[in-house]
Amino acid sequence: MALANDSRRSFGRLQSCLLARLVRDRWLQRQPADEAAEILFRRAVELRYPEDKVWGEEQGAPSNWSGDGWVIDPVDGTHNFL
């Protein structure tokens, strides 16, 4: 949970920086904020839990996915992803 909580704060800071673009381009399927937040989260997982896998909406799942891992869509949630 600590990783998820820390990431939430980082996502908030990132989105504040990208807010104007998020509002302007809100109808785009792929937002720059989505991509940036997913990359940020993946890096955090790699640092804290290098053995964990991440499946994200923007970059997909690793080819060697098996077992437990993280499934994320950090900006707009997973309602269209799942």
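Residues whose amide H falls under 5 Å from that of TRP70, counting only those 5 or more places apart or on a different chain, are LYS53, VAL54, TRP55, with hydrogens built in the peptide plane.
Rounded to the nearest whole Hz, the Karplus-based 3J(HN,Hα) values (6.51 cos²θ - 1.76 cosθ + 1.60, θ = phi - 60°) of the range 61-72 follow the sequence 9, x, 5, 9, 5, 6, x, 7, x, 10, 10, 9, with x at glycine and proline.
Rule-based calculations on the coordinates, nothing more; no lab input. Please read all numbers here as calculations on a predicted model, not as lab measurements.
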